[in-house]
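Working notes, beginning with the structure itself.
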Amino acid sequence: MKKGIWVLNGPNLNLLGVRRPEIYGKTTLKEIQQELEGRCREEGVPLVFHQTNHEGVLIDLLHEAREKAHVVILNAGAFAHTSIALRDAIEAVGIPVIEVHLSNPQAREPFRRHSYVAEVARGVVAGFGALGYRLALEAALHWAKEKEASS
Ligand code: DQA
């Protein structure tokens, strides 16, 4: 199977829609997944979508993506602010990672203002709610097509 786009979601994102909707919106993760799947189907690009509450699982998924993904879209949740291991994994796999946050962490509590992921991400999309995943997907599709053409 040809390589595709992997969308990885970290802790508590399974609760989207019910968790602090005034900050994260009412759209569920399932609805986001379905929208991205529809867009990728139009483009004929495979999409893999995961959510995990476990740091090690997220790192394992990134390692797996090394062989299988052209681009990773990653909402690491709070691990973005805490995990050097995740940062190192992104650096180690060497594929472009687009960091996504539904909220704008820069406009929130001080402990959210630093992201280890951003240090090694190709790009960052934050503050657009669920739309941020669609915006990141357009960039990911662009790069995935470029890579597919040159492989
Ligand atoms: C988040 C922002 C993080 O600070 C927070 O811990 C989350 C969600 C976002 O999508 O806005 O869990 O990643």
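The values are calculated or read from the model by the stated rules, or taken from the named source; none is laboratory data. Just so it is clear, the structure is predicted and the values come from calculations on it, not from any experiment. For neighbour counting, all protein chains shown are included, and Cβ atoms are generated from backbone atoms with ideal geometry for every residue, glycine included. For accessibility, only protein heavy atoms count, side chains too; no ligands or nucleic acids. Shrake-Rupley method; radii C 1.70, N 1.55, O 1.52, S 1.80 Å.
Between E148 and K2, the simple spin-label model (points 7 angstrom out along Cα→Cβ) gives 0.4 nm.
Under a 5 Å amide H cut-off, with hydrogens placed 1.01 Å from N, V7 pairs with V48, F49, H50, I73 among residues at least 5 apart or on other chains. All C-alpha pair distances within the chain, sorted into 10 Å bins from zero, spread as 11, 45, 35, 7, 0 percent across the bins. Computed from backbone phi with θ = phi - 60° and the Karplus coefficients 6.51, -1.76 and 1.60, the 3J(HN,Hα) list for segment 26-33 is 9, 6, 8, 5, 4, 5, 4, 4 Hz; x is used for glycine and proline. Per-residue 3J(HN,Hα) values for segment 83-92, derived from phi via the Karplus relation 6.51 cos²θ - 1.76 cosθ + 1.60 with θ = phi - 60°, read 9, 5, 4, 5, 4, 5, 5, 4, 4, 5 Hz in sequence order (x marks Gly and Pro).
In this calculation the C-beta distance from E109 to H50 is compared with R0 = 22 Å, giving a FRET efficiency of 0.25. The H on the amide N of V125, modeled in the peptide plane, is under 5 Å from the matching H of E99, V100, H101, each at least 5 residues off or on a different chain. Distances between placed amide hydrogens fall under 5 Å for G77 paired with G10, all partners being 5 or more residues away or on another chain. Over 28 Å between C-alpha atoms is what I'm after, so list which of K3/K26; K2/K26; K3/K30 land there. Violating the 28 Å limit, Cα to Cα: K3/K26; K2/K26.
For segment 4-150, carbon and sulfur atoms together expose 51% of the accessible surface, with a 1.4 angstrom probe and every protein chain in place. Segment 87-103 and segment 1-40 have Cα centres lying 16 Å from one another. 3J(HN,Hα) couplings calculated from phi for segment 68-78 with the Karplus curve 6.51 cos²θ - 1.76 cosθ + 1.60 (θ = phi - 60°) are, in sequence order, 10, 10, 7, 8, 10, 9, 10, 9, 7, x, 5 Hz; Gly and Pro show x.
Here, segment 39-124 has an Rg and a Dmax of 13.1, 41 Å when only alpha carbons are counted.
Placing one equal scatterer on every Cα of segment 100-142 and applying the Debye formula, the log10 ratio I(q)/I(0) at q = 0.17, 0.18, 0.25 Å⁻¹ is -0.47, -0.53, -0.90.
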